[in-house]
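Worksheet: one structure, shown below.
The values are calculated or read from the model by the stated rules, or taken from the named source; none is laboratory data. Since the structure is predicted, the reported quantities are computational estimates derived from the model, not experimental observations. Every residue, glycine among them, receives a Cβ derived from its backbone with ideal geometry; neighbour counts consider all protein chains shown. Each accessible area value is taken on the protein alone, full model and side chains, heavy atoms only, with ligands, DNA and RNA left out. Shrake-Rupley method; radii C 1.70, N 1.55, O 1.52, S 1.80 Å.
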Amino acid sequence: MSNPAIIEIEHLTKTFRNAEEPAVNGISFSINRNEIFGLLGPNGAGKTTTISILCGLFPPTSGKVLIDGKDIHTELDSIKNILGIVPQDIALYPTLTARENLAFYGSMYGLYGKSLKDKIEVWLQKLGLKDAANRKVSTYSGGMKRRVNLIAGILHSPKILFLDEPTVGVDVHSRNVIIQHLKEVNASGTTIIYTSHHMEEAEHFCTRVSIIDRGKILTEGTPAELISRNAGSTNLENVFLNLTNRKLRD
Amino acid sequence: MLHKLLATVKKEILLLLRDRVGLAVLFVMPVALILVMTLIQDSAFKSINEKGIPVVFVNNDHDSLGNIIEDGLRRNELVYVSDSIDGKPATAESATKAVSEGKFLLGIVIPKGATAAIRKNVAVLVNETMNGADTTNKQQDSVEVSIIVDPVAKKSFLTTITSNLREFISEVKTKIMFETFSEQIAEVIPDKQNAPKNSYQKSQIIHYKEIYASTATDKIVPNAVQHNVPAWAIFAMFFIAIPLSNSILKEKSEGSVFRLHTMPTPFLLLVNGKVIVYVFVCLIQFALMLCVGKFLLPQLGLPALVLGNSMMGILLLTLATAFAATGFGVTVGTLATTDHQAAIMGSLSILLLSALGGIWVPSYVMPEVMRNISAWSPLNWSLEGFYKLFLRGGNVSDILMESFKLVLFFLGTMAISYIYNLKKRRV
Ligand SMILES: Nc1ncnc2c1ncn2[C@@H]1O[C@H](COP(=O)(O)OP(=O)(O)OP(=O)(O)O)[C@@H](O)[C@H]1O
Ligand SMILES: [Mg+2]
């Protein structure tokens, strides 16, 4: 445990099979235990691609990734056990109820029996889904789906939690509730890697952020550091706009 | 691991139960198919029966052989026997002409003195046997019954007719043999003349027939029920490829695969959860189809399905078919990229494989070339197996080959899916 870094990335590159430009272009950084690390960047910057590699969806074209000291190339199977993923796109079975979805995904992470049941109930309660929990997910509003999607990733109390835009389309009230609970999850020992387009939320939520664009890291530091480093910026959004000042993305 | 597998199975069952259309495809469609196809084919069968396949019969013998054959043909529901052509008594020449003109599908000519020839030869044989003479170098009687065939006549029909003829000839031979023997015996032991003769003769003839029948059944053409029930049950089992591939593709489009691929659960386990559920569905389907054949069809005035006598055989073959069908579905779901594609790809390939496999039109009425191709369809392996069980009284050992091929097919499709999946994920 002497190594404070739980994720170490060196020269990570990913070029998709039919793409000309790499989606992730030789990035290196590390994430320490118990951080809430923000991966910020405009559309198509390479955030989801980076997260996908880190959680083993597909291998990188080149580069090295160590998670909890283990190489993702060789020890992916044991790494998967400590990961939790909240994907950007809702990944739930629409014809199953929230409870059934959570029971299935919880089981896939090795939970079962009463402890699985209890955890599901606790989280449904926390995110205000108890009343709707026996309805098919297809009948949910967008924000409700997001919340179930979130629970499915954190039910098993992972050591590392990837959150890919977890609060998109969620109303202000629920957003605050979610962020509050995520802070609790973090306080109980989970390292969080988080992406968002919501700079204000990132500024308050993240302990450290990295702004990336076109697969490269532009800057990195605590939100406060980034703001002070960029003359004339009063918040993270200013910094972000200054650094990624470009037209609409594809 | 077991918890995970159970959770996967539970999830699949729930997904299936919530998919009303899928369920309808799985259970309602095959029942409807069996009913419709059997009723259609049964009536087609009956319309042939009413008129019958036209056969011209020329009886120049006018003795036992000719009469027995004529009798037998007239009793055969499949054929309509005529002994005259355009109002004139048929002769060998006019019959040949009429068949070549397509007026009849078949002509049968019994030569003059056929029975007499048999009788004479038998008499010589019996005499020599009774007197202990050496008969090995004696020429056997040969009775030449001519069959004139219209080239369009189906091979299966021909084999049935020729085997019938052979049976009649043997029957006549046996009968004459016994008559002659009895006369001889009566001469030797006159007081035992009456009592045992007839019963002995009868039992011997029946015995002889039975032996013949067991080889003849090999060529027995199944009736509409015996063909359609297993055929459409197999078809229905393979049709689970549609809902199964759909379920695989939905996971792709609904984003679940993202989670599924990043979970600490082997993807194979997830697929196996599906396989277990769908194999079970296949078994239920098949049981349902058998019930339809056994109980529902008779209510509609059709013959009831005869299951043969090997329950173990049925179970084994059904299980093997179920695995093959499931493997097929997994492959379709893996190769297709959208559920639309899977539905088209799945249904077309099943239609093709079933047509080739003899589901729609039994392969024994197919031309030689097609029959050879047919042997490559897994649906055909299964159907052949069920013919063996249902029609020929086969047991487990008779369908081992079919089951083995089906299981091999399952393993093959799973391997293809697995490899393709690995490749596809290398984006
Ligand atoms: N499966 C794929 N095949 C080919 N190219 C891809 C694939 N996934 C992503 N890309 C490309 O890689 C680049 C980075 O995409 P990525 O999804 O990582 O962006 P992102 O930062 O998550 O964007 P957003 O904020 O819109 O979610 C984009 O140009 C995208 O078109
Ligand atoms: Mg993204």
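Name the residues in the range A:129-142 that are free of Cβ contacts under 8 Å to residues at least 24 places away in the same chain and either within 16 Å of ligand 1 (Cβ to nearest atom) or not small (Gly, Ala, Ser) (or both), would you? Give the steps one after another, and end with the answer.
Filtering the range A:129-142 down to residues free of Cβ contacts under 8 Å to residues at least 24 places away in the same chain leaves A:130-131, A:139, A:141.
Once the filter is applied, which keeps residues that are free of Cβ contacts under 8 Å to residues at least 24 places away in the same chain and either within 16 Å of ligand 1 (Cβ to nearest atom) or not small (Gly, Ala, Ser) (or both), the range A:129-142 yields A:130, A:131, A:139.
I'd like to know if the range A:4-12 contains one or more residues that are in a loop (DSSP other than H, G, I, E, B), away from ligand 1 (no atom under 12 Å from the Cβ) and buried (at least 18 other Cβ atoms within 10 Å of the Cβ).
Step one: list which residues in the range A:4-12 are in a loop (DSSP other than H, G, I, E, B), which gives A:4.
From the residues that got through so far, the ones that are away from ligand 1 (no atom under 12 Å from the Cβ) too are A:4.
From what is left, the residues that are buried (at least 18 other Cβ atoms within 10 Å of the Cβ) are none.
Looking through the range A:4-12, none of the residues is in a loop (DSSP other than H, G, I, E, B), away from ligand 1 (no atom under 12 Å from the Cβ) and buried (at least 18 other Cβ atoms within 10 Å of the Cβ).
Go through (1) within 16 Å of ligand 1 (Cβ to nearest atom); (2) more than 25 Å from residue A:167 (Cα to Cα) one by one and return the number of the condition residue A:71 breaks.
Status for residue A:71: all satisfied but (1).
For residue A:127, which of the numbered conditions (1) modelled with pLDDT under 95; (2) over 20 Å from the mean Cα position of the chain (by Cα); (3) more than 10 Å from every other protein chain (Cβ to nearest Cβ) fails to hold?
Single failed check for residue A:127: (2).
Answer yes or no: is there a residue in the range A:216-225 that is touching a Phe, Trp or Tyr at 6+ places or on another chain (Cβ under 7 Å), within 14 Å of ligand 1 (Cβ to nearest atom) and open to solvent by 20 Å² or more (accessible area, probe 1.4 Å). Quick ask: steps written out before the conclusion?
Start the filter on the range A:216-225 by keeping residues that are touching a Phe, Trp or Tyr at 6+ places or on another chain (Cβ under 7 Å), which leaves A:217, A:220.
From the residues that got through so far, the ones that are within 14 Å of ligand 1 (Cβ to nearest atom) too are A:217.
Restricting the remaining residues to those that are open to solvent by 20 Å² or more (accessible area, probe 1.4 Å) gives A:217.
Within the range A:216-225, one or more residues are touching a Phe, Trp or Tyr at 6+ places or on another chain (Cβ under 7 Å), within 14 Å of ligand 1 (Cβ to nearest atom) and open to solvent by 20 Å² or more (accessible area, probe 1.4 Å).
Sort through A:27, A:85, A:90, A:53 and tell me the only one that's within 30 Å of residue B:424 (Cβ to Cβ), within 16 Å of ligand 2 (Cβ to nearest atom) and away from chain B (no Cβ under 14 Å). If you could, list the steps in order and put the result at the bottom.
Working: A:85 fails: away from chain B (no Cβ under 14 Å); A:90 fails: away from chain B (no Cβ under 14 Å); A:53 fails: away from chain B (no Cβ under 14 Å).
None of the others qualify; the one that does is A:27.
In the range A:101-114, is there at least one residue being open to solvent by 60 Å² or more (accessible area, probe 1.4 Å) and more than 9 Å from chain B (Cβ to nearest Cβ)? Walk me through how you get there before you give the answer.
If we filter the range A:101-114 for residues that are open to solvent by 60 Å² or more (accessible area, probe 1.4 Å), which is where we start, we get A:112, A:114.
Next cut, more than 9 Å from chain B (Cβ to nearest Cβ) only: A:114.
Yes - at least one qualifying residue is present in the range A:101-114.
Just need a number here: residues in the range A:56-81 that are more than 13 Å from ligand 2 (Cβ to nearest atom), facing chain B (nearest Cβ under 10 Å) and buried (at least 19 other Cβ atoms within 10 Å of the Cβ).
The number of residues fulfilling the criteria is 3.
Conditions (1) open to solvent by less than 10 Å² (accessible area, probe 1.4 Å); (2) out of contact with any helix residue (DSSP H, G or I) (no Cβ under 7 Å at 6 or more places or on another chain), marked per residue:
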site	(1), (2)
B:74	no, yes
B:87	no, yes
B:92	no, yes
B:95	yes, yes
B:98	yes, yes
B:104	no, no
B:111	no, yes
B:116	no, yes
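Could you please find all residues in the range A:143-156 being more than 12 Å from every other protein chain (Cβ to nearest Cβ) and within 16 Å of ligand 1 (Cβ to nearest atom)?
Listed by number, the list holds a single entry, A:146.
Looking at (1) under 17 Å from residue A:38 (Cβ atoms); (2) within 16 Å of ligand 2 (Cβ to nearest atom), which one does residue A:214 not meet, given that it meets all the others?
(1)
How many residues does the range A:16-27 contain that are surrounded by 17 or more Cβ atoms within 10 Å (Cβ to Cβ) and of a type outside the set (Gly, Ala, Ser)?
Of the range A:16-27, the ones surrounded by 17 or more Cβ atoms within 10 Å (Cβ to Cβ) are A:22-25, A:27.
Narrowing further to those that are of a type outside the set (Gly, Ala, Ser): A:22, A:24-25, A:27.
Final tally of qualifying residues: 4.
For the range B:246-293, give me each residue that is among the hydroxyl-bearing types (Ser, Thr, Tyr), within 14 Å of chain A (Cβ to nearest Cβ) and part of a helix (DSSP H, G or I). So that I can check it myself, show each step before the final result.
Step one: list which residues in the range B:246-293 are among the hydroxyl-bearing types (Ser, Thr, Tyr), which gives B:247, B:253, B:256, B:262, B:265, B:278.
In the following step, the residues that additionally are within 14 Å of chain A (Cβ to nearest Cβ) were identified as B:247, B:253, B:256, B:262, B:265.
Those that are among the hydroxyl-bearing types (Ser, Thr, Tyr), within 14 Å of chain A (Cβ to nearest Cβ) and part of a helix (DSSP H, G or I): B:247, B:253, B:256, B:262.
Quick one: in the range A:30-50, of everything that is open to solvent by 20 Å² or more (accessible area, probe 1.4 Å), within 15 Å of ligand 1 (Cβ to nearest atom) and assigned to a loop (DSSP other than H, G, I, E, B), which residue is farthest from the other protein chains (Cβ to nearest Cβ)?
Restricting to residues being open to solvent by 20 Å² or more (accessible area, probe 1.4 Å), within 15 Å of ligand 1 (Cβ to nearest atom) and assigned to a loop (DSSP other than H, G, I, E, B), the top hit is A:43.
Is it the case, given these coordinates, that residue A:191 is open to solvent by less than 70 Å² (accessible area, probe 1.4 Å), away from chain B (no Cβ under 14 Å) and modelled with pLDDT of 95 or more?
Values: open to solvent by less than 70 Å² (accessible area, probe 1.4 Å): yes; away from chain B (no Cβ under 14 Å): yes; modelled with pLDDT of 95 or more: yes.
Answer is yes for this residue.
Please identify the pairs in which a residue from the range B:230-252 that is touching a residue at least 24 places away in the same chain (Cβ under 8 Å) has its Cβ atom under 7 Å from the Cβ atom of a residue that is outside any helix (DSSP H, G or I) and small (Gly, Ala, Ser), counting only partners at least 6 apart or on another chain.
That search, which allows pairs on different chains as well, returns B:245/B:336; B:249/B:336.
Which ones in the range B:1-24 are crowded, with 19+ Cβ neighbours inside 10 Å and modelled with pLDDT under 85?
Of everything in the range B:1-24, just one residue is crowded, with 19+ Cβ neighbours inside 10 Å and modelled with pLDDT under 85, namely B:22.
Looking at the range A:157-170, can you tell me whether even one residue there is buried (at least 17 other Cβ atoms within 10 Å of the Cβ), away from ligand 1 (no atom under 14 Å from the Cβ) and more than 29 Å from residue A:67 (Cα to Cα)?
Yes, the conditions are met somewhere in the range A:157-170.
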